[in-house]
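Report on the following structure.
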Amino acid sequence: MRPLLGCWMDVAGRIRGAASIVLFTDFDGTLAPLVARPEDARITGATRAALARLAAHPRVRVFVISGRGRADLKARMTAPGVPCLGAFGWDSGAEQLPTETLRRLCRARLEVAARLNGTPGVRVEDKGVSFALDYRGADGETGRRARRELDEVLARFRGTLQAVPGDHVLEVLPREIRGKGHAARRWWRLHAPGALPIYLGNDATDEPAFKSLAGGITARVGRRGSTRAHYFLRSPAEVERFLEGLEKEIR
C-alpha cells in the first residue's frame, strides 16, 4: 500500500486518461474526522465545496456511501449534486425492507440496548434499517463484554441479521443489505460502467468495495494495516487535498 499523494504522477495519468470517473467516498473517518460522538461529526466547507464542484463536472459522478442513515447523511453533507447512499449503500431513498425483517431488527436492538444499558463507553445507535453497537469509549474488557452480549442476541436471528465490524463498532444489518462492495459496484455499473472508479474509505466495512472496484483507484484513510486498497491517505485533511488535486486534473 503506497501513499496516494506520493504517487501522484501515476494516479494523475489514470485520471487524465479516463473518459469519465465515478467517485465513491465514505463519510466518517474519510470526509469527516472520527469523533467520540457520531452526532458531532462534521466536514469542512472546503471538502464540501470540492465535492460539489466535482459533481458538477460533466465527466464525474460523485456518491457518498455510509453506514449512517440516509437522512442523517444528507443533513451532514448538503453538497449539491452529490447523492447520499445510506445504510452501507443500500438506501438511496427508494428501497424498503420486509416488515418482518424490520420487526426482528427492532427486537434485537431493544434487547441489546437493555442488556448494555448504563455500560460506560458503550452505546446502541438506532439507524432505522440497521443499528450500531459503538464501544469506542469503553475499556478493553467492557468492549469485549459488549460484543459477547451482541453475539448472544444475534444467535437467535441467524439468517436474518448480520454483524459487520468497523472501527470500534459493530454494525447490525439485515441480510438484504449486502454492504458497500455490492452497492458501489451496482451504482458504478448502473451509471457509468466504462468509467474509472475511485473509492475512498477508512475501515473494514469499506474493504469489500476495495475488492469489488480493484480495477480502479482505491485508498484507505487513517491507520495503515492489512487492506485491499491500493493506496493510503493519512487523514480527512489528505482526502481534501486529493479531491482538490482530482479537480485540477480534470479541468
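The values are calculated or read from the model by the stated rules, or taken from the named source; none is laboratory data. The model shown is predicted, which means the values in this text are computed figures rather than measured ones. FYI the Cβ positions are ideal-geometry reconstructions off the backbone, even for glycines, and counts take in every protein chain you see.
Screening the stretch 139-175 for residues that are within 21 Å of ALA87 (Cβ to Cβ) and among the small types (Gly, Ala, Ser) and picking the one that is surrounded by the fewest Cβ atoms within 10 Å (Cβ to Cβ) gives GLY159. Would you confirm, using the coordinates I've provided, whether ALA209 is at pLDDT 95 or above, within 25 Å of LEU51 (Cβ to Cβ) and touching a helix residue (DSSP H, G or I) at 6+ places or on another chain (Cβ under 9 Å)? So ALA209 fits the description; yes.
Kindly indicate which of ARG178, ARG103, ARG185 is more than 30 Å from ARG14 (Cα to Cα) and surrounded by fewer than 22 Cβ atoms within 10 Å (Cβ to Cβ). ARG103 is the lone residue from the list that is more than 30 Å from ARG14 (Cα to Cα) and surrounded by fewer than 22 Cβ atoms within 10 Å (Cβ to Cβ).
On the stretch given as the stretch 166-182, residues that are in a loop (DSSP other than H, G, I, E, B), in contact with a helix residue (DSSP H, G or I) (Cβ under 7 Å, 6 or more places away or on another chain) and within 20 Å of ALA214 (Cα to Cα) total 1. Residue count for the stretch 202-251, restricted to those that are in a helix (DSSP H, G or I), among the hydroxyl-bearing types (Ser, Thr, Tyr) and either over 28 Å from VAL172 (Cα atoms) or touching a strand residue (DSSP E or B) at 6+ places or on another chain (Cβ under 7 Å) (or both): 1. Selection of the stretch 7-42 for residues being more than 16 Å from PRO83 (Cα to Cα), in contact (Cβ under 8 Å) with a residue 12 or more places away in the chain and aliphatic (A, V, I, L, M) yields VAL11, ALA12, ILE15, ALA18, ALA19, ALA32, LEU34, ALA36, ALA41.
Cβ separations smaller than 9 Å between residues 6+ apart or across chains give the following pairs from the stretch 100-112 residues that are assigned by TED's automatic domain parsing to the domain that holds GLU152 and of a type in the set (Gly, Ala, Ser) to residues that are in a helix (DSSP H, G or I) and surrounded by 14 or more Cβ atoms within 10 Å (Cβ to Cβ): ALA108/LEU150; ALA108/VAL153; ALA108/LEU154; ALA108/PHE157.
Among residues of the stretch 28-69 being over 19 Å from LYS180 (Cβ atoms) and in contact with a Gly (Cβ under 7 Å, 6 or more places away or on another chain), the one that is modelled with the lowest pLDDT is ALA36. When we screen ALA184, ALA132 for residues that are in contact (Cβ under 8 Å) with a residue 60 or more places away in the chain, under 24 Å from GLY29 (Cα atoms) and either among the basic types (Lys, Arg) or in the same structural domain as THR218 (by TED's automatic domain parsing) (or both), the only hit is ALA184.
Residues considered: GLY179, GLY194. Of these, the only one that is at pLDDT below 95 and on the phi > 0 side of the Ramachandran plot is GLY179.
Only one of the numbered conditions (1) touching a Ser or Thr at 6+ places or on another chain (Cβ under 6 Å); (2) in the same structural domain as PRO58 (by TED's automatic domain parsing); (3) among the aliphatic types (A, V, I, L, M) is violated by VAL164, and that is (2). The residues on offer are GLY93, GLY140, and the sole one that is without any contact (Cβ under 8 Å) to a residue 40 or more places away in the chain, in contact with a Cys (Cβ under 9 Å, 6 or more places away or on another chain) and of a type outside the set (Phe, Trp, Tyr) is GLY93.
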